[in-house]
Amino acid sequence: MLKSMTGFGAGLAETEDFRAAIEVKAVNQRYLDLDVRMPHVLDPFLELMKNKVKEYASRGKLTVSVQFFDKREHVREIRLDKPLAIAYHKALNEISDLLHLPRPDDVQAISAYPGVLTAMETQDGLEGADEVLLSALEQAMVQFTEMREKEGENLKADFLKRVDLLSSQVEEVAALGPEIVRQYRERLEATVKEALEGAEIDEARIIQEVAIYSDRVNFTEEIVRLRSHFEQFRNILENAEAPVGRKLDFLIQEMNREVNTTASKANNVCAAKIAVEMKSEIEKLREQVQNIE
């Protein structure tokens with residue numbers, strides 16, 4: 001199924017110990033660019049989460065935002081930095097001797113200095129947190145994928161409509177081939193008659209010149225390749241099982257090249273006009289394909 005690269009998904013999972021809320025959003029990107037934003041305490045689970053995301057996405061700039069709550073009760077303890085307390089006391093005594101002030105014997109005053117006492121929370125391990133994280137992430141990625149598939153179906157309908165239009169336009173150009181040669185013969189005969197001022201025209205020479213011109217403006221190969229590209233484009237859209245954005249982008253480049261060559265060979269006002277319209281449609285295809293995984 002065709003998938004867009006843009007999308008959004010959210011998931012929530014909870015146990016007695018942990019709660020995780022995760023959001024996933026993505027925009028266009030040629031390759032997979034994954035940014036996981038979560039508390040540093042969860043760093044041990046980073047690769048686990050990245051691997052889960054890669055099961056669902058292969059292209060796009062994805063941002064995974066994680067809110068994590070540890071619901072367990074934590075024991076607080078006070079940490080004393082003994083060397084720092086001694087250093088403060090020694091320095092204060094030196095200031096007392098230098099300035100002839102009373103000795104700093106107030107324990108509360110010394111303990112108030114930065115770093116002497118630090119309140120800390122003892123924390124148990126995060127056993128079981130990975131299950132909560134992966135559950136929330138799985139929910140987010142499933143929702144994210146559903147949104148991308150829905151958008152992919154909308155894009156597919158637009159692609160098919162534009163390819164059908166291009167197919168009709170290329171048939172218009174193909175039909176101009178005989179007319180282009182006929183108009184050249186008429187111009188050639190008129191030019192020769194004017195130059196010879198009523199003298200007999202060498203019909204064999206006219207036929208030869210027309211044949212040479214006909215070969216030079218023959219764009220049959222380009223028309224055949226364009227028809228093939230359109231058919232391949234449709235087949236890829238209808239049978240997309242894996243990411244197809246790069247394949248479609250390559251075909252679009254080839255379409256554009258063949259249209260340019262056709263217009264150049266035809267050297268005809270009507271063909272040039274149709275070619276401009278085709279290039280406009282191909283450019284719209286190219287812009288939309290940038291959003292396909």
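The values are calculated or read from the model by the stated rules, or taken from the named source; none is laboratory data. Please read all numbers here as calculations on a predicted model, not as lab measurements. Cβ atoms come from the backbone with ideal geometry, glycine included; neighbour counts cover every protein chain shown.
Please determine whether any residue of the stretch 64-79 is farther than 16 Å from LEU42 by Cα and at pLDDT 85 or above.
No, that holds for no residue.
Can you pull out every residue in the stretch 253-270 that is buried (at least 19 other Cβ atoms within 10 Å of the Cβ) and either closer than 16 Å to VAL224 by Cα or not assigned by TED's automatic domain parsing to the domain that holds ASP164 (or both)? Don't jump to the end; show me each part of the working.
In the first step, residues of the stretch 253-270 are kept if they are buried (at least 19 other Cβ atoms within 10 Å of the Cβ); the result is 255, 258-259, 262-263, 266, 268.
Within the stretch 253-270, MET255, GLU258, VAL259, THR262, ALA263, ALA266 qualify.
ILE78 passes all but one of (1) surrounded by 11 or more Cβ atoms within 10 Å (Cβ to Cβ); (2) touching a Leu at 6+ places or on another chain (Cβ under 6 Å); which number fails?
Evaluating ILE78 over (1) surrounded by 11 or more Cβ atoms within 10 Å (Cβ to Cβ); (2) touching a Leu at 6+ places or on another chain (Cβ under 6 Å) leaves (1) as the failure.
In this structure, does PHE8 turn out to be in contact with a helix residue (DSSP H, G or I) (Cβ under 7 Å, 6 or more places away or on another chain), over 30 Å from ALA242 (Cα atoms) and in a strand (DSSP E or B)?
No: the conditions fail for PHE8.
Would you call VAL163 touching a Leu at 6+ places or on another chain (Cβ under 8 Å) and more than 30 Å from GLU281 (Cβ to Cβ)?
So VAL163 does not fit the description; no.
Consider ASP106 carefully, then state whether it is out of contact with any Phe, Trp or Tyr (no Cβ under 9 Å at 6 or more places or on another chain), at pLDDT below 90 and surrounded by fewer than 11 Cβ atoms within 10 Å (Cβ to Cβ).
no
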